[in-house]
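I have placed the structure first, in the form of structure tokens, so that the comments after it can refer back to it.
The values are calculated or read from the model by the stated rules, or taken from the named source; none is laboratory data. Keep in mind that what you see is a predicted model, and the values were worked out from it rather than measured. Backbone-built Cβ (ideal geometry, glycine too); neighbour counts: all protein chains shown.
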Amino acid sequence: MVSRPFQEALIQEYQVMHDAVGRFLNYLRIERNASGLTIKSYADDLGHLIEFYEEQTGQIPEPRDADVTQLRSYASYLHECGYARSTIARRLACLRSFFRFCKREGLCDANPARPLRTPRAGRRLPHFLSTDEVGKLLSVPPATQKDGLRDRAILETMYSAGLRVAEVVALDTEHWDRSSGIMKVLGKGRKERIAPVGSYATRALDRWIDVRQPDPHGRPDQTAAIFLNRFGRRLTTRSIGRMLDKHINSAGLSSQTSPHTLRHSFATHLLDGGADLRSVQELLGHKSLTTTQIYTHVSTRRLRETYELAHPHAASRVG
């Protein structure tokens, strides 16, 4: 039987770690201006570490008592569970940030996660649609129905401006300047950018706005959204994801197609059309040019495939 003093010690350790996590999440929210999705991701990752401590050791150390040996065991556990390298890399990065914060706040003397080696992530080329496939997807929502007009406006806007689903959800009517054809977008880290909106998306938005009906009794932060649900309130990322999945299936597109595919297609088609990399970086809202460069590999691959098919002396055609 576990003694009462031992139980009280465990409860104290548990509370100290949870308090540290809470302070860290507040730091992300207030000082780093992190998005709600980012904060949730960090909370989930740190919660997973706490569960590991509970299951494997039966106790949760205070931040100052955590050591690199335990954290290496956790990293090995993630590998053994078959997590993707990108997931492992994200969770280890979260630990480094958390313990760096704890060291800064005097909750621990050193950062025990610093020596952890991040697994090399295989760089996969993003899946994108051809212009014909995009056209097929955009024509799926029925233009004779209110929801169809809304869905078509969402799809056209995502493809025209290269938006993430979360950015679409955050759009308010005041963010769209129809006269100048631009949209004010709130991206990752709540960083604002200006996104041009093309003529097709503008027409789709006009048709949707004509039938858009906000809830007269709803909160202003809900009814100000451009895209509303059937109750006249702001759509969620989950509801837009379900809507996109439905139309992707109806269009008969590849199973690789996801809500993010329209953003990938936007960037790839811009580069194929001659846009420079810096402009595409700005339009996507990427902090680093390295993130945008993945699309140059897509365009280069397509050029090679075209060359192989068309050139009479291409290696694959020589027999």
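Being under 21 Å from Val134 (Cβ atoms), modelled with pLDDT of 80 or more and of a type in the set (A, V, I, L, M, F, W, C) holds for only one residue in Leu289, Leu271, and it is Leu271.
Counted as qualifying within the range 12-104 are the helices (runs of 4 or more DSSP H) with 1 or more residues that are aromatic (Phe, Trp, Tyr) and over 25 Å from the mean Cα position of the chain (by Cα), namely 36-57, 68-80. Counting only helices (runs of 4 or more DSSP H) wholly contained in the range 187-272, the ones carrying 1 or more residues that are closer than 14 Å to Leu171 by Cα, among the polar types (S, T, N, Q) and without any contact (Cβ under 8 Å) to a residue 60 or more places away in the chain occupy 220-223. Restrict the check to the range 43-56 and report whether at least one residue is aliphatic (A, V, I, L, M), farther than 16 Å from Leu25 by Cβ and either at pLDDT 90 or above or in the same structural domain as Met17 (by TED's automatic domain parsing) (or both). Checked the range 43-56: no residue is aliphatic (A, V, I, L, M), farther than 16 Å from Leu25 by Cβ and either at pLDDT 90 or above or in the same structural domain as Met17 (by TED's automatic domain parsing) (or both). When the criteria are applied in full, Ser299 meets the requirement of being over 20 Å from the mean Cα position of the chain (by Cα) and either at pLDDT 95 or above or part of a helix (DSSP H, G or I) (or both). Does at least one position in the range 111-118 carry a residue that is touching a residue at least 12 places away in the same chain (Cβ under 8 Å), small (Gly, Ala, Ser) and assigned by TED's automatic domain parsing to the domain that holds Arg212? No; the residues of the range 111-118 include none that is touching a residue at least 12 places away in the same chain (Cβ under 8 Å), small (Gly, Ala, Ser) and assigned by TED's automatic domain parsing to the domain that holds Arg212.
Listed here are the residues, each with its yes/no results for (1) without any contact (Cβ under 8 Å) to a residue 40 or more places away in the chain; (2) under 17 Å from Arg23 (Cα atoms).
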site	(1), (2)
Leu49	no, yes
Thr69	yes, no
Ser73	yes, no
Tyr77	yes, no
Ala84	yes, no
Arg91	no, no
Phe98	no, yes
Cys108	no, yes
